[in-house]
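Please read the structure below before turning to the comments.
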Amino acid sequence: MQTSRPQASQPHAGDPAYLDGQFLVAMPGLTDSQFARSVIYLCAHSADGAMGIILNKAVLDLNMPDLLIQLDIASETDAIRLRERVGHMPVLMGGPVDAKRGFVLHTDDFHIDQSTLIIDDGICLTATVDILRAIAAGDGPASAVLALGYAGWQAGQLENEILANGWLVCPADPDLIFHTALDAKYERTLRNNGIELAMLSVSAGHS
């Protein structure tokens, strides 16, 4: 796992060899504290590298209304209204790369020209402050999560980690991204793919 920015990716026209738009689920043998028991939505993957957002680790002591106020996107007088509107939206620890930069995963009912990346299955990524302004104003997407930072891999690194049994690859589920409690995402993602955590832990100890 890298803590550096991956190289720019080239379009690959939905090449099935690449995994963007899917989940990576940490296997029990992955013990790095930043990624253990993590569920990652893979936003981009090509021969040049990959990037994704950790979906089930929150930034401690920071919520969306307070963040919007800290960034001067909203004022203190808006606090009550913001808590009613976006108090449910988590602020995620998306990964160790660019940890102070915001990345918003959201439904495809919101789009900013030349800024929004359409990933897959109605899920988009926008990384400009304009989407935060829209969310604060009540004009944002129907569903969204904000992440600070992202997880990045250099060329070939993710493939090697998967071959080493570090990650389970499975189809992404928008409900798990937007509507499942953070502490339930890991086990629910496994269960939705027919895997019980106890069975996975036992099988991981055998070659």
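Bear in mind these aren't lab numbers, they're just calculated from the coordinates by the rules spelled out. From a predicted model like this one, the values you see are computed outputs, not experimental measurements. Using ideal geometry, Cβ is built from the backbone for each residue, glycine included, and neighbour counts are taken over all protein chains shown.
Segment LEU117..LEU60, full-extension length gain: 17.8 nm, with 0.36 nm per residue of separation and the alpha-carbon distance subtracted.
Apply 1/(1 + (r/R0)^6) to the Cβ-Cβ distance of ARG83 and SER33, taking R0 = 30 Å, and write down the FRET efficiency to the nearest 0.05. The pair ARG83/SER33 has a calculated efficiency of 0.45.
Once the chain from ALA137 to ALA198 is taken as fully extended at 0.36 nm per residue, the excess over their C-alpha distance is 17.5 nm. In this rough spin-label picture, where each label sits 7 Å from Cα along the Cβ direction, the ASP109-LEU163 distance is 4.4 nm. The distance between label points at SER75 and ARG101 comes to 3.2 nm (points 7 Å beyond Cα on the Cα→Cβ vector).
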